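Encoded as structure tokens, the structure appears first; notes follow it.
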Amino acid sequence: MRRIRVTLSYDGTEYHGWQAQPGLRTIQAAVEEAVSRIEGSPVRVAASGRTDAGVHALAQVAAFSLENPIPVENLVKAVNRLLPRDIRVLEAAEAPADFHPRYQASAKTYEYRILRAEICSPFARRYVYHHPYPLDERSMIDLAPVYEGEHDFSCFAASDDRDALNLSKVRRVFSSRLEKCEDRLIFRVRGSGFLKHMVRNMVGVLLEAGKGNLTAADLAARLQPGARFAPGPSAPARGLFLVGVEYGEPPRDPVRRAG
């Protein structure tokens with residue numbers, strides 16, 4: 001039995017997220033159907049994380065086991081022929097038998113795109129959150145690094161089917177930056193892992209700060225252990241992209257500049 005690691009890119013607009021769900025169109029179900037047809041029997045595909053409905057991926061990492069001896073370069077072509085056009089395998093490689101894309105990931109990077117232009121092109125509407133209304137962008141940019149470090153992100157997490165397990169919601173954010181790029185605000189966050197809707201809620205809170213509804217102290221209060229705030233508001237899924245997943249030694253925390 002071979003273990004195969006693949007990197008996937010997908011437009012999540014027409015899907016109910018990564019995780020397979022009865023009667024719903026999902027990324028996982030589409031990939032499993034394609035790989036299973038090549039294998040001739042059911043194949044389970046695991047990913048680095050369960051992206052939500054409408055969320056996109058530039059480089060999602062997934063893995064599955066096969067007995068089929070097809071070379072990996074031919075496997076990429078074969079799977080892509082069977083996949084919908086809004087999902088693509090970018091690359092594939094042999095992996096150790098025990099490789100798991102989620103449990104062995106050391107860091108993930110997400111990017112959220114906010115369009116500030118007065119008019120949103122119909123060709124961009126699926127991939128940005130269009131917000132042409134007044135915002136204190138400088139305040140949002142200054143607040144974004146407050147997320148860095150190890151915090152309890154309970155106030156940034158939507159309810160999850162794993163909540164009953166009482167798992168820790170402490171996560172380490174290695175870097176958190178908001179930048180103005182022409183007519184867009186780009187929020188990029190890199191961390192050890194992310195909770196359900198966590199990045200979208202982080203963006204939503206920054207937007208509230210930009211509207212003047214929230215201060216730096218308010219944001220910091222939401223990161224305190226035992227804090228009780230309703231999560232959100234959550235930014236729309238369409239502006240969110242999983243940019244990449246890292247493996248190997250855990251990355252270092254960002255070096256803060258003095259002053």
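The values are calculated or read from the model by the stated rules, or taken from the named source; none is laboratory data. Note that this is a predicted model, so its numbers are computed, not measured. Here the Cβ is made from the backbone with ideal geometry for all residues, glycine too, and neighbour counts use every protein chain on show.
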Task: Odd one out for residue 32, checked against (1) more than 15 Å from residue 3 (Cα to Cα); (2) touching a Pro at 6+ places or on another chain (Cβ under 9 Å) - done: (1)
- [ ] Answer yes if at least one residue in segment 152-170 is at pLDDT 95 or above, under 26 Å from residue 214 (Cα atoms) and either part of a strand (DSSP E or B) or not assigned by TED's automatic domain parsing to the domain that holds residue 210 (or both), and no otherwise.
- [x] no
Open item on the list: I need the full set of residues from segment 119-140 which are under 28 Å from residue 228 (Cβ atoms) and part of a helix (DSSP H, G or I), in order please.
Closed with: 139, 140
Open item on the list: Condition first: among the aromatic types (Phe, Trp, Tyr) and free of Cβ contacts under 8 Å to residues at least 40 places away in the same chain. Now tell me which residues in segment 115-132 satisfy that.
Closed with: 123
Task: Selection within segment 182-219 - out of contact with any strand residue (DSSP E or B) (no Cβ under 9 Å at 6 or more places or on another chain) and of a type outside the set (D, E, K, R) - done: 197, 201, 204, 205, 209, 212, 213, 214, 215, 216, 217, 219
Open item on the list: Suppose we filter segment 111-130 for residues that are over 21 Å from the mean Cα position of the chain (by Cα) and of a type outside the set (A, V, I, L, M); how many remain?
Closed with: 6
Task: Total residues in segment 213-259, condition over 24 Å from the mean Cα position of the chain (by Cα), modelled with pLDDT of 90 or more and not in a helix (DSSP H, G or I) - done: 3
